[in-house]
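S.K.: Take a look at this one; I'll ask things after.
The values are calculated or read from the model by the stated rules, or taken from the named source; none is laboratory data. Quick caveat: nothing in here was measured; it's all calculated off a predicted structure. Cβ placement follows ideal geometry from the backbone for every residue including glycine, while neighbour counts extend to all protein chains displayed.
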Amino acid sequence: MKQTIDLTPLQNFLNSKSDINELLVKIESLSEKIFKNGLEPKTVIEQNTGYEEGKAILKTAENSGINLNDVVSLEPFFQELQKTISETPVVHLILAIDPSIETVKSIHEWFINNYGKLVVLDLSIDESLIAGGIVSFGGRANDYSLKSKLEEVQL
């Protein structure tokens with residue numbers, strides 16, 4: 001039975017592709033501790049995540065109607081959660097500078113607010129752009145770099 005999982009409680013932990021990879025590894029570790037070692041799910045989550053991250057995982061399970069004491073429904077939930085996280089749309093950004101964490105979070109929130117759903121950022125740096133950046137999303141790319149503007153002027 002396929003579940004629809006709303007990742008909204010986890011959106012603060014899914015800003016970039018590296019965040020996705022870290023969370024997927026963490027969920028796999030939690031899953032192993034719960035299912036292979038037979039440990040109590042809520043305790044495992046609380047002891048193996050940061051406070052806010054643990055609350056977000058528990059809230060995601062609760063929003064999905066999962067009883068944490070029902071291992072039969074918890075295992076498919078973890079599998080579907082990993083799949084849903086893996087399939088989150090990715091916005092590729094090539095920037096001229098290495099952005100601060102606050103800037104990354106701001107860009108991430110802008111995409112969520114303007115796209116209407118969760119996306120993650122795949123960031124790379126290319127100083128040759130001088131300023132600005134290149135955005136690729138949904139099969140389209142737009143170049144907002146100063147380098148491209150200067151090249152247009154030279155033509």
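S.K.: In this structure, does ILE66 turn out to be surrounded by 14 or more Cβ atoms within 10 Å (Cβ to Cβ) and either of a type in the set (Lys, Arg) or at pLDDT 95 or above (or both)? It would help to see each step written out before you state the result.
M.R.: Values: surrounded by 14 or more Cβ atoms within 10 Å (Cβ to Cβ): yes; either of a type in the set (Lys, Arg) or at pLDDT 95 or above (or both): no.
Judged against the criteria, ILE66 is not a match.
S.K.: Condition first: of a type in the set (Ser, Thr, Tyr) and not in a loop (DSSP other than H, G, I, E, B). Now tell me which residues in region 97-145 satisfy that. Please lay out each step first, then the result.
M.R.: Start the filter on region 97-145 by keeping residues that are of a type in the set (Ser, Thr, Tyr), which leaves 100, 103, 106, 115, 124, 128, 136, 144-145.
Hits for region 97-145 are THR103, SER106, TYR115, SER124, SER128, SER136.
S.K.: Related question: If LYS42 meets every condition in (1) over 30 Å from ASP98 (Cα atoms); (2) without any contact (Cβ under 8 Å) to a residue 24 or more places away in the chain apart from one, which number is that one?
M.R.: (2)
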